[in-house]
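So the structure is just underneath, and the comments pick up after that.
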């Protein structure tokens, strides 16, 4: 597991949101970030085209695994671009989307097939519900090792026997090489050092993901790739 840092996301520079810290971004950071995002853009179609194509591919991959499942739980839906796309790809879906940032879901609040729940899983779900399919899209990086174990265990304790994690924060040979090159160039003063930014979270290897899911109680863990940087981790009990 390795820490990583970010300077911006979707054209919003973090230094314009709050001063960089060595701690993970606070709830107030995300509130201010989304305020700036929605000031700059009026809808999904104004976002970076390549990013939208990528998110569309993520939604297609998720949809390919749904088969006849229609009652879906998304943990950490962000601005809801994947969820919004899924309801277009599969009109029969009903998605419960959990998102801690209360102002993040502005663009999907009017989608009748998406129910937004503000808060953190599993506390924000008042009663145990039987979802056909559960996934978490790109939230694993916010957890340290202990927190990741606790989160995965809470998924199992909730009664979820099949769980999909989509992660872009994976640490592999290619990522390791890129970090090494950046560290050298940063040391030489050619570019900013990799830690010259907001601490954003943790990179994990495929093996670290597998070990964490096994510790939580999953007995079958399969990992597939989407493009160069994204992995789909499916755990079953």
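Check every one of the helices (runs of 4 or more DSSP H) wholly within the range 1-110 and list those with 3 or more residues that are in contact (Cβ under 8 Å) with a residue 60 or more places away in the chain. First the steps, then the outcome.
Details: elements: 27-40, 49-66, 81-89.
By residue number, 27-40, 49-66.
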### Task
Would you point out which residue out of 116, 181, 125 is at pLDDT 95 or above and either not in a helix (DSSP H, G or I) or not assigned by TED's automatic domain parsing to the domain that holds residue 94 (or both)?
116
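Across the range 111-120, which residue is surrounded by the most Cβ atoms within 10 Å (Cβ to Cβ) among those that are within 14 Å of residue 72 (Cβ to Cβ) and either touching a residue at least 60 places away in the same chain (Cβ under 8 Å) or within 19 Å of the chain's Cα centre (by Cα) (or both)? Please lay out each step first, then the result.
Our first condition is that a residue be within 14 Å of residue 72 (Cβ to Cβ); within the range 111-120, this holds for 111, 113-117.
Now restrict to residues that are either touching a residue at least 60 places away in the same chain (Cβ under 8 Å) or within 19 Å of the chain's Cα centre (by Cα) (or both): 114-117.
On the way: 114: 22, 115: 14, 116: 20, 117: 19.
It comes out as 114.
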### Residues of the range 1-17 satisfying the condition of being surrounded by 15 or more Cβ atoms within 10 Å (Cβ to Cβ) and farther than 25 Å from residue 230 by Cβ
17
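The values are calculated or read from the model by the stated rules, or taken from the named source; none is laboratory data. This structure is a prediction, so every number in the text was calculated from the model and none was measured. All Cβ positions, even for glycine, are placed from backbone atoms using ideal geometry, and neighbour counts span all protein chains on display.
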